[in-house]
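Notes for the one structure printed next.
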Amino acid sequence: MPTTTSFAEFAQRADYSLLDSLHADPQATGDGNDHQPRQVFSGHYVPVTPTAIPAPEYVAHSRTLFNDLGLSDELAQDDQFRRLFSGDISVAQGSMRPVGWATGYALSIYGTEYIQQCPFGTGNGYGDGRAISVFEGLFKGRRWEMQLKGGGPTPYCRGADGRAVLRSSVREFLVQEFMHALGVPTSRSLTLYLSRSETVRRPWYSPNSRSFDPDILVDNPVAITTRVAPSFLRVGQLELFARRARSEAHPAALNELQLIVAHLIKRNYRPEIDASLPFSDQVVELAGLFRQRLTALVANWMRVGYCQGNFNSDNCAAGGFTLDYGPFGFCELFDPRFQPWTGGGEHFAFFNQPVAAEANYQMFWSAIRLLLADDTPALARLDQIRDGFSEAMNQEIEAMWARKLGLIRYDAVLVNELLQLMVLTKVDYTIMFRRLSQIPDQLSALKESFYVPSSAQLDAQWDSWLQRWRARITSSGDTNVISAAMQCINPKFTWREWLIAPAYQQAEQGEFSLIQELQEVFSHPYDEQSAQLGARYDRLKPQEFFNAGGVSHYSCSS
């Protein structure tokens, strides 16, 4: 397939399955001029035009994703392309739609339904407050949806300005492509544009702050990053329509639930679910496949040290990939309770993510169960899948630890002893496992990951563990082969917030070279790369960044 080099060719890729197969809010305006908070009582989406940022300036684009989509890199600088992905949908041409769309969803936290976040106290005002999809199309035979983050207010904005600041936009742009390079299923990053002439005020941290919560108000340049995914359907969306069906909120409520579940299957699971099956069987198949994807996803998160920070049902993609990079972080100093978000609490901490995933799956199961009310055998199979979630999750986690340690099979004693030593010794999560990937015979190699000197007693425990682990490795195969496999599981480079902050700080001054450097480093996280990049990015967190506001912890002020 030839490379897409012009905006006119890009427009020809348009194909809007969501708009064509689902229902618009019947109270919405046709022109998308719908930017004030209001209740949305029915329909799967609201037509809404994004609000363009003034004088958009190019910051970055993902060469990797452009290549995957068959787009020329030069398109990122094309005037019409830049205008579209900085919020000006008036450039739509050909089969493109002249309006975007926003969706509503429900919120549950650990299986408890909430409506307090809705300004109307009903749950009908909660949804995409500043995320507006502007394009859906086919590229190289695959369907992708493109969504502006920070594209202006929608009916779900709850009175906010609908904008995203440059800081959070840089973080989301970089981390999506980093996670993709790590092999973790994720939404992707297309482009990042900023405006210097529009700013918004947000609470944040003063320089060298040790405050837990933001302590100043900061004027930030606004930006729009475009995220891309096969769909942006969330567990919270299914949950919203299930709540309406249970309460018989309107006559078409159950049908709306069925339509969106059918659309989810078509968009995210069609190659694996036979369209000729009865719908009830397709729903059961969906439940099994989503469980498989979700458990594997969370195991991947833990493999690379990622903590979602706020893994509610509305932040859980029903397609089984990572979505909504708000208060996320990567574990440096190993702590099972690691939680970067000041509003998250331990229930969304690093090692609690499997439990959070199960709570989200519970809400997914509860929603789709309504569609099988008259099919007792299908209900029984569905419930069996739900009952097996915990075991499936444990199997994925155990397999992940075995792969990280180069073991043929999981060894609970060996793994748990290692994790305990890592906590007691205060080690860097990424550096520790990368050094283990070399299968060292001396503890000195592992000490490169220690944040503080270890005691003689701990050294003795480490030596004992290391020799037992090495004996297991050397008896199970060629150590060179095992080491190479481990280096494909345990990345050399990770996300270190204290190295990211200068990138968005420099970007505010018009300097984007550090963003470009991070793009390059994050594109090959398992490779050794140059000695210069290794010295800069493969190192322990300096002491001054511990307990630093905006670096070690942060609010969701984006």
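The values are calculated or read from the model by the stated rules, or taken from the named source; none is laboratory data. This is a predicted model, so every value here is computed, not measured. We place every Cβ from the backbone using ideal geometry, glycine too, and count neighbours over all the protein chains shown. Note: accessible area is taken over every heavy atom of the protein model, side chains too, but ligands, DNA and RNA are not part of it. Shrake-Rupley method; radii C 1.70, N 1.55, O 1.52, S 1.80 Å.
Taking all protein chains together and rolling a 1.4 Å probe, Glu332 ends up with roughly 20 Å² accessible.
Placing pseudo-labels 7 Å out from each Cα toward the beta carbon at Glu391 and Ser206 gives an inter-label distance of 5.7 nm.
Computed over every Cα-Cα pair of segment 1-97 and binned at 5 Å starting from 0, the pair-distance distribution P(r) comes out as 2, 11, 17, 20, 18, 14, 11, 5, 1, 0 percent. Across the chain, Cα pairs under 8 Å and at least six residues apart give a relative contact order of 14 percent. Nearest 10 degrees is fine. How inclined is helix 253-264 to the longest principal axis of the chain, computing both from alpha carbons? Roughly 50 degrees between the two axes.
Write down the Å³ per residue value for the convex hull defined by the alpha carbon atoms of segment 70-226. It is 182 Å³ per residue.
Taking 23 Å as the cut-off for C-alpha to C-alpha distance, list the pairs among Lys426/Lys541; Lys149/Lys492; Lys404/Lys426; Lys426/Lys492; Lys149/Lys404 that go past it.
Distance filter (> 23 Å) returns Lys149/Lys492; Lys149/Lys404.
Counting heavy atoms of the protein chains alone, Lys492 has an accessible area of about 30 Å² for a 1.4 Å probe. The residues of segment 231-386 expose, per residue, 32 Å² of accessible area to a 1.4 Å probe. Note on segment 92-114 and segment 15-82: Cα centroid distance 11 Å, given to the nearest whole angstrom. Distance from the C-alpha centroid of segment 262-292 to that of segment 293-350: 26 Å, rounded to the whole angstrom.
Among the protein heavy atoms of the chain, carbon and sulfur supply 50% of the accessible surface, probe 1.4 Å, non-protein parts ignored.
Calculated over segment 439-558, the projected area of the Cα convex hull averaged across directions stands at 10.1 nm². The angle between the Cα long axis of helix 412-425 and the longest principal axis of the Cα atoms of the chain comes to about 80 degrees, rounded to the nearest 10.
Restricting things to Cα coordinates, could you compute the convex hull volume per residue of segment 244-308 in Å³?
Enclosed volume per residue, from the Cα hull, is 117 Å³.
Scan segment 401-460 for trypsin sites (Lys or Arg not before Pro) in coil per DSSP, keeping those whose Cβ has at most 11 other Cβ atoms within 10 Å, and list them by number. Counting only loop positions with at most 11 other Cβ atoms within 10 Å, the trypsin sites (Lys or Arg not before Pro) in segment 401-460 are Arg409. Under 5 Å between amide hydrogens, built in the peptide plane, is the criterion, and for Val200 it picks out Asn220, Val222 among residues at least 5 positions away or on other chains. Radius of gyration over Kirkwood radius for the chain, both on Cα atoms: the Rg/Rh ratio is 0.97. Protein heavy-atom accessible surface, 1.4 Å probe, per residue over segment 430-473: 45 Å². Qualifying trypsin sites (Lys or Arg not before Pro) in segment 183-226, where qualification requires a DSSP coil assignment and no more than 12 other C-beta atoms within 10 Å, comprise Arg210.
By a 1.4 Å probe calculation restricted to protein chains, Ser464 has an accessible surface near 50 Å², given to the nearest 10. Based on protein heavy atoms only, segment 1-119 ends up with 43 Å² per residue of surface accessible to a 1.4 Å probe.
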